[in-house]
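Sharing a structure below in structure tokens format, with a few things to ask.
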Amino acid sequence: MIYILLMLGTMLFVLLLWPTLQEPRTTAEDTRRTELEEERDQLLRGLKELQSEAADADLQTREKVRLTQVLGELDTLPAAPTPRTARAALPTALAALLGVAALTVAGAYTFLPQWRDAGMSPVQAAQLRNASRLPVLEKRAAQTRANADYLAWGDAAWDAQNYQVAARAYTQLLLKDKTNARALRRTGFFLLTTQEMADEGLNFVQQAVKLDARAPEGRLLYGYALGLYGQYEAGIRELREYQKLDPEGREADDLIVEFQAELGTAVDAKLVYTQNCAACHGPQGEGKTAAAIRGSTALNNEAALRRLILGGGMKMPAFPQLEGAQLDALVKELQTW
């Protein structure tokens, strides 16, 4: 039904409104809009290719950040004009209106809301949608100065991974409510990235944990912050608390292994496997998109197993970052299978 409406709307638009169209006046905004739309399309195609090729994560992040900037600037530009002359008769105008309405209704349920999301994961699409909302949320917060609006602005920026804007929004909230744990820990996380304010950032995150000890995010960020200061044992304790509060969360896995390696203590081999192998070989080595590991004769040759992990082979990618204590722990664990 939607596609029928779309076709009818298009036919009405072309047959009845086309004769009344006149050549639009090109402005600087029109030119800029065209440039941004072309860049947007190129970035979307490029991101899709990078994802299919499993390209460098930093490169993908830079492309996403630029795409967010392009979408944000597009949203600030006025809508493209729909030029027409004043000579159109009332029946023609009504018919054209019906056509445009049909296009609008059909587009609302088909391709129009999804142009931003082409070639992206649901998480990436959500990040871009949040980024596009930032100007509106910032304006609303400036007008109302309400805590809820500052929080909504900060949360959208945080979800879009625009931590600088998030910190700006949360700081405005903290000026009115110094006990908001979410604003404290997230502002602290941003401050940790700056050399001059890192100590203050650690203090903010620590205060947030005291205010809301049951928040998994607070424990995660506190563990991360302690690691930055070389307090690896304390950091691991906080990250373990995060795992208890959010058993499904995997954000602490890499940090725990990293901190264990820094301490020179026994590395958690199961975490190393979960991070690097489970997605293809299954949580217990039973096989998934790749062959089963458990029970494989390849586990008997330790030297060959190490070469395979570090250098890859067949369809298996290489994992050169797994070296030292992490590689030793993983190989030892696999050979028990």
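Output yes when any residue across segment 304-320 is small (Gly, Ala, Ser), open to solvent by less than 80 Å² (accessible area, probe 1.4 Å), assigned to a loop (DSSP other than H, G, I, E, B) and at pLDDT below 75, and no when none is. Before the answer, list the steps.
So in segment 304-320, the residues small (Gly, Ala, Ser) come out as 304, 311-313, 318.
Add one more test, that the residue is open to solvent by less than 80 Å² (accessible area, probe 1.4 Å), and what stays is 304, 311-313, 318.
Still in the list and also assigned to a loop (DSSP other than H, G, I, E, B): 312, 318.
Remaining after also requiring at pLDDT below 75: none.
No, there is no match, as no residue in segment 304-320 is small (Gly, Ala, Ser), open to solvent by less than 80 Å² (accessible area, probe 1.4 Å), assigned to a loop (DSSP other than H, G, I, E, B) and at pLDDT below 75.
Output the number of residues of segment 210-240 satisfying the condition of being in a helix (DSSP H, G or I), more than 22 Å from MET197 (Cβ to Cβ) and open to solvent by 70 Å² or more (accessible area, probe 1.4 Å).
Going through segment 210-240 one residue at a time, the tally reaches 3.
Residue-wise test of (1) open to solvent by 10 Å² or more (accessible area, probe 1.4 Å); (2) at pLDDT 95 or above; (3) over 26 Å from LEU228 (Cβ atoms).
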position: ALA125; (1), (2), (3): no, no, yes
position: SER132; (1), (2), (3): yes, no, yes
position: ALA156; (1), (2), (3): no, no, yes
position: LEU191; (1), (2), (3): yes, no, no
position: GLU196; (1), (2), (3): yes, no, no
position: ASP199; (1), (2), (3): yes, no, no
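What is the residue count in segment 280-299 for residues that are touching a helix residue (DSSP H, G or I) at 6+ places or on another chain (Cβ under 9 Å), β-branched (Val, Ile, Thr) and loosely packed, with under 15 Cβ neighbours inside 10 Å?
Of the residues in segment 280-299, 1 are touching a helix residue (DSSP H, G or I) at 6+ places or on another chain (Cβ under 9 Å), β-branched (Val, Ile, Thr) and loosely packed, with under 15 Cβ neighbours inside 10 Å.
Among what's in segment 246-266 and is open to solvent by 20 Å² or more (accessible area, probe 1.4 Å) and either of a type in the set (Gly, Ala, Ser) or not in a loop (DSSP other than H, G, I, E, B) (or both), pick the residue that is modelled with the highest pLDDT. Break it down stepwise before answering.
Of all residues in segment 246-266, those open to solvent by 20 Å² or more (accessible area, probe 1.4 Å) come to 246-248, 250-251, 254-255, 258, 261-266.
Adding the requirement that they be either of a type in the set (Gly, Ala, Ser) or not in a loop (DSSP other than H, G, I, E, B) (or both) leaves 254-255, 258, 261-264, 266.
Details: ASP254: 81, LEU255: 85, GLU258: 82, ALA261: 78, GLU262: 80, LEU263: 78, GLY264: 70, ALA266: 61.
It comes out as LEU255.
Next up: Say whether the condition of being over 27 Å from the mean Cα position of the chain (by Cα) and within 22 Å of GLY230 (Cβ to Cβ) is met by at least one residue in segment 267-283. Full working, then the answer.
Within segment 267-283, the first condition is being over 27 Å from the mean Cα position of the chain (by Cα), and the residues that meet it are 267-269.
Now restrict to residues that are within 22 Å of GLY230 (Cβ to Cβ): 267-268.
For segment 267-283, residues over 27 Å from the mean Cα position of the chain (by Cα) and within 22 Å of GLY230 (Cβ to Cβ): present.
Next question. For segment 159-205, give me each residue that is part of a loop (DSSP other than H, G, I, E, B) and of a type in the set (Val, Ile, Thr).
Keep residues of segment 159-205 that are part of a loop (DSSP other than H, G, I, E, B), which gives 160-162, 175-180, 193-197.
THR179, THR193, THR194, listed by residue number.
The values are calculated or read from the model by the stated rules, or taken from the named source; none is laboratory data. Just so we're clear, the structure is a prediction, and the values are computed from it rather than from any experiment. Note: ideal-geometry Cβ built from the backbone for every residue, glycine included; neighbour counts use all protein chains shown. Remember, those area values only see protein heavy atoms, side chains included, never the ligands or the DNA or RNA. Shrake-Rupley method; radii C 1.70, N 1.55, O 1.52, S 1.80 Å.
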